[in-house]
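Every read-out reported here was derived from the displayed coordinates using simple, explicitly stated rules and does not represent laboratory data. Just so you know, these numbers come straight off a predicted model, no measurement behind them. Virtual Cβ from ideal backbone geometry, glycine too; neighbours counted across all protein chains shown.
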Amino acid sequence: MAVHHHHVETVERGGGTGIGMVVGIVIVLLVAVVALFFLFGGPARFAGSTPAQTNVNVPAQTQPQSAPNINVPRQIDVNVNQQPADNANR
């Protein structure tokens, strides 16, 4: 009589629990980012602030004052320790 041995190979699968955990973590992080966005100002942070009161009657602009007239000499001797030129003794 022959003895037959049957070997059955089983492959264990996670059943998608790993993918479900990753999707859950991504959703929690997305909700946390959106909550922090609204907590720290939200869309109003990017909008310009509106003034409390608008002045409709703006005073007329005046002409700018002209600059004062200053006369500057053309040549200034900066070297104050220079010996005077003595051309008569040479």
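Say each of Val22 and Leu36 gets a label point 7 Å from the Cα, pointing the same way as Cα to Cβ; how far apart are those two points in nm? A separation of 2.3 nm, rounded to one decimal place.
Multiplying the residue separation of Asn57 and Gln75 by 0.36 nm and subtracting their alpha-carbon distance yields 1.3 nm.
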